[in-house]
Amino acid sequence: MRVPDYGKVAVLLGGRSAEREISLKSGAAVLEALLSEGVDAYPFDPAHQPMETLQQQGFNRAFIALHGRYGEDGSVQGALELMGLPYTGSGVLASALAMDKWRTKLIWQAVGISTPRYLIIDAQSDFDEVAAYLDLPLIIKPAREGSTIGLSKIESKKEFSNAYQLAAQHDSIVLAEQFIEGKELTAAILGETPLPLVRIEVTGELYDYHAKYVANDTRYFCPSGLPDELSRQLQAQALQAHRILGCAGWSRVDLILDKNDQPYFLEANTSPGMTDHSLVPMAAKVAGIPFEELVVKILALSYVE
């Protein structure tokens, strides 16, 4: 594949979020892929260099391999727009919305995209009222974190306070959410094309940080094993969920399919992982897109305001 000249490309990695270590791995994989395709690419860690250095060092474009806050929430996107540098992924508004699971839910609900029931809770919230509305077990998580950081599944009143405190360490907005039992699925979007669904099976109770990035017994199925027509319906809904938030370039939309084949959409990720455990490269491979080609395609879809 002949790669166009994108000029000097900064691969933004690391950063200051709770997902720094994963971002370093994603960024390293992206950098290696770009270099292998002849792109003039360099690592750039915003935790170690001020963003304005990008202009001073003559960069022409940025590949965002940052995850979580200060990388996936619109802040870096805004800085790059002020400098006039094209960047991968979604714009400021879509990035900020997708990072905020509460406001994502509000938008999805407004257009009829199914998402688990929830309540915003605080330290004074009454467990019995929360449990009566959401049923047990339930999920407690920060509204604006990724990679299930600060997330707990609770089944009793005695677990409620500790779960809230854990989530509140990461965000001032904490969600209590209905637990949906079913198949864990993810739908990657590349441009305007949904990639094959990935189905996830974990040995524990949750697809949490350990299951995502540490465990070797988490199982991934792509193709997902779902009937073709159901897969197409879910891919179409995932694309709608991506579009309604204003996402662009690429994203990963996570959902649960319950025992009645009813989907419940959980969140959209505007800068998904690109590690050896990551789901977008897995789906792309099944679609016939090698990792190096995937990275170049994402770069080619760079956002320009």
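The values are calculated or read from the model by the stated rules, or taken from the named source; none is laboratory data. If you're wondering where the values come from, they're calculated on a predicted model, not measured in any experiment. All Cβ positions, even for glycine, are placed from backbone atoms using ideal geometry, and neighbour counts span all protein chains on display. Note: areas computed on protein heavy atoms with side chains; ligands, DNA, RNA excluded. Shrake-Rupley method; radii C 1.70, N 1.55, O 1.52, S 1.80 Å.
Tyr42 passes all but one of (1) modelled with pLDDT of 95 or more; (2) open to solvent by 60 Å² or more (accessible area, probe 1.4 Å); (3) not in a strand (DSSP E or B); which number fails?
Every condition holds for Tyr42 apart from (3).
Would you check if Ile107 is touching a residue at least 60 places away in the same chain (Cβ under 8 Å), open to solvent by less than 60 Å² (accessible area, probe 1.4 Å), over 19 Å from Leu12 (Cβ atoms) and among the aliphatic types (A, V, I, L, M)?
Yes, satisfied.
Can you find a residue that is in contact with a helix residue (DSSP H, G or I) (Cβ under 9 Å, 6 or more places away or on another chain), modelled with pLDDT under 95 and assigned to a loop (DSSP other than H, G, I, E, B) anywhere in the range 166-179? Quick ask: steps written out before the conclusion?
From the range 166-179, those in contact with a helix residue (DSSP H, G or I) (Cβ under 9 Å, 6 or more places away or on another chain) are 173-179; that's our starting set.
Among the residues that remain, those that are also modelled with pLDDT under 95 are: none.
No, that holds for no residue.
Which condition number in (1) of a type in the set (A, V, I, L, M, F, W, C); (2) under 30 Å from Ala28 (Cβ atoms); (3) in contact (Cβ under 8 Å) with a residue 60 or more places away in the chain; (4) not in a loop (DSSP other than H, G, I, E, B) is the one that Leu54 fails?
Exception for Leu54: condition (3).
Taking into account only those residues within the range 232-289 that are more than 17 Å from Leu195 (Cα to Cα) and of a type in the set (S, T, N, Q), which is most open to solvent (accessible area, probe 1.4 Å)?
Asn260
How about the range 49-81: which of its residues are open to solvent by 50 Å² or more (accessible area, probe 1.4 Å), over 16 Å from Thr270 (Cα atoms) and of a type in the set (Ser, Thr, Tyr)?
none
Go through (1) touching a residue at least 60 places away in the same chain (Cβ under 8 Å); (2) closer than 16 Å to Pro272 by Cβ; (3) aliphatic (A, V, I, L, M); (4) not in a loop (DSSP other than H, G, I, E, B) one by one and return the number of the condition Leu66 breaks.
(4)
Just wondering, is there one or more residues in the range 29-50 that are out of contact with any Pro (no Cβ under 6 Å at 6 or more places or on another chain), in contact (Cβ under 8 Å) with a residue 60 or more places away in the chain and polar (S, T, N, Q)?
yes
Those residues that are part of a helix (DSSP H, G or I), in contact with a strand residue (DSSP E or B) (Cβ under 7 Å, 6 or more places away or on another chain) and open to solvent by less than 50 Å² (accessible area, probe 1.4 Å), I need them from the range 7-37; list them, please.
Gly27, Val30, Leu31, Leu34 - these are the residues of the range 7-37 that are part of a helix (DSSP H, G or I), in contact with a strand residue (DSSP E or B) (Cβ under 7 Å, 6 or more places away or on another chain) and open to solvent by less than 50 Å² (accessible area, probe 1.4 Å).
Can you tell me how many residues in the range 69-86 are part of a loop (DSSP other than H, G, I, E, B), among the small types (Gly, Ala, Ser) and over 19 Å from Ile22 (Cβ atoms)?
Taking the range 69-86 first, the residues part of a loop (DSSP other than H, G, I, E, B) are 69-74, 84-86.
Filter once more, keeping what is among the small types (Gly, Ala, Ser): 71, 74, 84.
Checking the rest, the ones that are also over 19 Å from Ile22 (Cβ atoms) come to 74, 84.
The number of residues fulfilling the criteria is 2.
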